[in-house]
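**Student:** Let me begin by handing over the structure; questions about it come next.
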Ligand code: PGA
Ligand code: ZN
């Protein structure tokens, strides 16, 4: 039984406030100990237009980014509503919050308030049963460690260099365990750091821990990554593949309707952009491209899926925003063949699970993901295993809010 729900305002990895919630539960016997589960919510920078709404206070505190209203919603409305409820019924807990909110995008209570409580409830249940959250989520079917899609170089909205593509990730496809794959990735990260230093380029890191050196174009980055893989003693294609997150929704030019690469200033049509990705796929060992096109360019997505869908994974992040209605449309119209899963895009655990299950039952891969603004919370590591997503995107092997997730996965692998 839930005895108390409480929230507070804490800081995320960019120094912006975010919501932390605690759900306290007690067993049927009033003499049993109180158990508290905790969770915090992340926040994006290149947010999709169709994401659930975080509530921010506006005005002066924290340059308008305060979350006191969301915190108050947890401490009053949500707390009163959930006291006495059976925490083990996660779906009912989520449903109660969603119906109290009543809006399409959770703008009344705030997706940041609802998700914090939803995740804290999940963690409280696991803690009360003395098991890991992955085990509570997936039971005996939780059996697959995810492959890291590790961000090592940043451009776009996550950096101030000349690269338009937001993220370059490496995947240790030849590794046989998570632990081994994680080590391989860290070794390539260090090899890349040395290469950058040797070229007198910056090794300062971006929001997700990847480097953000002043390079001129995407090909230069890809060549450098291939070089780093080889320097670390691995074979590109056999041991490592590369994934891109373009975040092309950031590129749509309002006036011309074309894609304007923000840093290079070039304008391209949808077809020209698809040709550009196709050329990169022919030249490099690409595993996936995330958001290669805008979140509203469904025709373009259909075309690129037809053209490249058999060779690589085309991942909908801003396109799907972890929303089953948008995913349904994608499946029907044959747009994309993979979905990025960010619990805070949709705002509850139940809806996150639904999105993963819908994707998996239609042959789309699901990739569990962090946000660019994160905290030390590790719930997504457990969700990746609990839901057998097979892949996790959670930044570089640098910055503790990123390594916290990898380190939790190391603990989970020992259990599995
Ligand atoms: P965001 O970036 O968290 O800033 O949205 C991550 C991504 O686009 O995948
Ligand atoms: Zn993305």
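**Student:** Give me the orientation-averaged projected area of the Cα convex hull of the chain, in nm², one decimal.
**Tutor:** Details: hull surface 78.9 nm².
Result: 19.7 nm².
**Student:** To the nearest 0.05, how large is the calculated FRET efficiency for residue 271 and residue 173 if R₀ is 45 Å and r is the Cβ-Cβ distance?
**Tutor:** Efficiency computed from Cβ-Cβ geometry: 0.90.
**Student:** How would you order 75-85, 252-262 from highest to lowest mean count of nearby Cβ atoms within 10 Å?
**Tutor:** 75-85, 252-262
**Student:** Report the relative contact order of the chain, percent, no decimals, based on alpha-carbon pairs under 8 angstrom and at least 6 residues apart. Don't skip to the answer; put the middle values down first.
**Tutor:** Values: 925 pairs, mean separation 81.0, N = 416.
Once divided by the residue count of the chain, the mean separation gives 19 percent.
**Student:** A further question on this structure: Determine the distance separating the Cα centre of region 4-79 from the Cα centre of region 242-316; give it in Å without decimals.
**Tutor:** That distance is 35 Å.
**Student:** Residue separation times 0.36 nm, minus the C-alpha to C-alpha distance between residue 60 and residue 92: what's the value?
**Tutor:** Numbers: separation 32, 0.36 × 32 = 11.52 nm, distance 3.71 nm.
Gain in length upon complete extension: 7.8 nm.
**Student:** Sorted by average packing, counted as other Cβ atoms within 10 angstrom per residue and highest first, what order do 391-404, 176-189 take?
**Tutor:** Going by the mean number of other Cβ atoms within 10 Å, highest first, we get 391-404, 176-189.
**Student:** For residue 83 paired with residue 254, estimate the spin-label separation in nm (one decimal), with each label point 7 Å from Cα along the Cα-to-Cβ line.
**Tutor:** The two pseudo-label positions are separated by 4.8 nm.
**Student:** Shifting gears a bit: How much length would be gained if the chain were fully extended between residue 281 and residue 414, taking 0.36 nm per residue of separation minus their Cα-Cα distance, in nm to one decimal?
**Tutor:** 44.3 nm
**Student:** Further question: How big is region 207-364 along each principal axis, measuring the range of its Cα positions in Å and listing the largest first?
**Tutor:** For region 207-364, the Cα extents along the three principal axes come out at 43, 41, 31 Å.
**Student:** What FRET efficiency do you get for residue 362 and residue 307 if R0 is 25 Å and r is their Cβ-Cβ distance, rounded to the nearest 0.05?
**Tutor:** Given R0 = 25 Å and the Cβ-Cβ separation, E is 0.80.
**Student:** Multiply the residue gap between residue 34 and residue 198 by 0.36 nm, knock off their C-alpha separation, and tell me the result in nm, one decimal place.
**Tutor:** Once the chain is fully extended between residue 34 and residue 198, it gains 53.5 nm.
**Student:** Kindly state, as a whole number, the per residue volume in cubic angstrom of the convex hull around the alpha carbon atoms of region 1-154.
**Tutor:** 143
No value in this document is a laboratory result; all are computed from the given coordinates. In this text, all values refer to a predicted model and were calculated from it rather than measured experimentally. All Cβ positions, even for glycine, are placed from backbone atoms using ideal geometry, and neighbour counts span all protein chains on display.
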